[in-house]
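Notes follow once the structure below has been shown.
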């Protein structure tokens, strides 16, 4: 099984296995969730330190993973000092962030790139699944930890489950019946995770702003 970062696991789950297209997600959810995953992995390897909403770079050295290294560089150059500020800054380059994480998954052989044409003029790429065992292992690990509270929940899975909840992707891990039974467990995990909670707060503010704009413009 291929070892994946949090951002790689999240994007892998967010893509349709056959078409390589993104599954339907709430507005901006994946952008902020991927930013949160990058921050969580940088925190895990002691490159940044998060205290409440403050964020401090404690080691600027690379971690040899392009999305995380560029994310760390972005945070340093922008002199971001808060968790929410870092989330907004990294999510601001949503296209670049997705592209870098996708390229990592292709490089690791988990996704494959397929070039397509539309009307013989427009060229675009799709990234269907190439390594089903790796994705299935991610799903099964998370499913087990959601369903069975006696299994130790490490920091990485804690964050990942919280971000999956934010993106409304629980249906990829649980049947409708299991989702109903585990609703309280998922909510507890999500509310107890600082990064996932900050992502949810940012998205809630974005949705409120969109609603206000639509209301004001009469849309």
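Taking neighbour Cβ counts within 10 Å as the exposure measure, how do 31, 148 sort from fewest upward? All intermediate terms of the calculation are to be shown ahead of the outcome.
Details: 31 24, 148 11.
Least to most surrounded, the residues fall as 148, 31.
State the extension gain, in nm to one decimal, for the chain segment bounded by residue 209 and residue 79, taking 0.36 nm per residue of separation less the distance between their alpha-carbons.
Values: separation 130, 0.36 × 130 = 46.80 nm, distance 2.58 nm.
Gain in length upon complete extension: 44.2 nm.
Rounded if a/c is under 1.5, else prolate if a/b is larger than b/c, else oblate: which is region 6-48, with a ≥ b ≥ c the root eigenvalues of its Cα gyration tensor? Numbers along the way, then the final one.
On the way: a/c = 5.10, a/b = 1.98, b/c = 2.58.
In terms of gyration-tensor shape, oblate.
With the Cα gyration tensor of region 74-188 giving a ≥ b ≥ c as the square roots of its eigenvalues, does the rule (a/c under 1.5 for rounded; else a/b larger than b/c for prolate; else oblate) give rounded, prolate or oblate? Mind showing how you got there, number by number?
Working: a/c = 2.18, a/b = 1.27, b/c = 1.72.
Because a/c hits 1.5 or more and a/b fails to exceed b/c, region 74-188 counts as oblate.
Among 43, 200, 61, which one moves the most in a GNM of the chain with springs linking Cα atoms closer than 10 Å?
Its mean-square fluctuation being the largest, the pick is 61.
Is the shape of region 130-219 best called rounded, prolate or oblate, per the rule: a/c under 1.5 gives rounded, else a/b larger than b/c gives prolate, else oblate, with a ≥ b ≥ c the square roots of the Cα gyration tensor eigenvalues? Numbers along the way, then the final one.
Numbers: a/c = 2.26, a/b = 1.94, b/c = 1.16.
Prolate shape, in that a/c is at least 1.5 and a/b is the bigger ratio.
Out of (i) 16.9, 52; (ii) 17.0, 58; (iii) 17.7, 55, which label holds the value of Rg and Dmax of the Cα atoms in Å that was computed here?
(iii)
Over region 85-176, what is the relative contact order in whole percent, taking alpha-carbon pairs under 8 Å and six or more residues apart?
Values: 54 pairs, mean separation 15.2, N = 92.
Over region 85-176, the number comes to 17 percent.
Tell me the relative contact order for the chain as a rounded percent, counting alpha carbon contacts under 8 Å between residues six or more apart. Before the final figure, lay out each step's value.
Values: 270 pairs, mean separation 55.0, N = 219.
Relative contact order for the chain comes out at 25 percent.
Report the far tail of the P(r) of region 1-129, meaning the percent of Cα-Cα pairs longer than 18 Å. Working shown, then result.
Working: 4472 of 8256 pairs.
When all Cα pairs of region 1-129 are counted, 54 percent exceed 18 Å.
Throughout, read-outs are computed from the coordinates displayed, never taken from laboratory work. If you're wondering where the values come from, they're calculated on a predicted model, not measured in any experiment. Here Cβ is always computed from backbone atoms with ideal geometry, including for glycine, and neighbour counts include all displayed protein chains.
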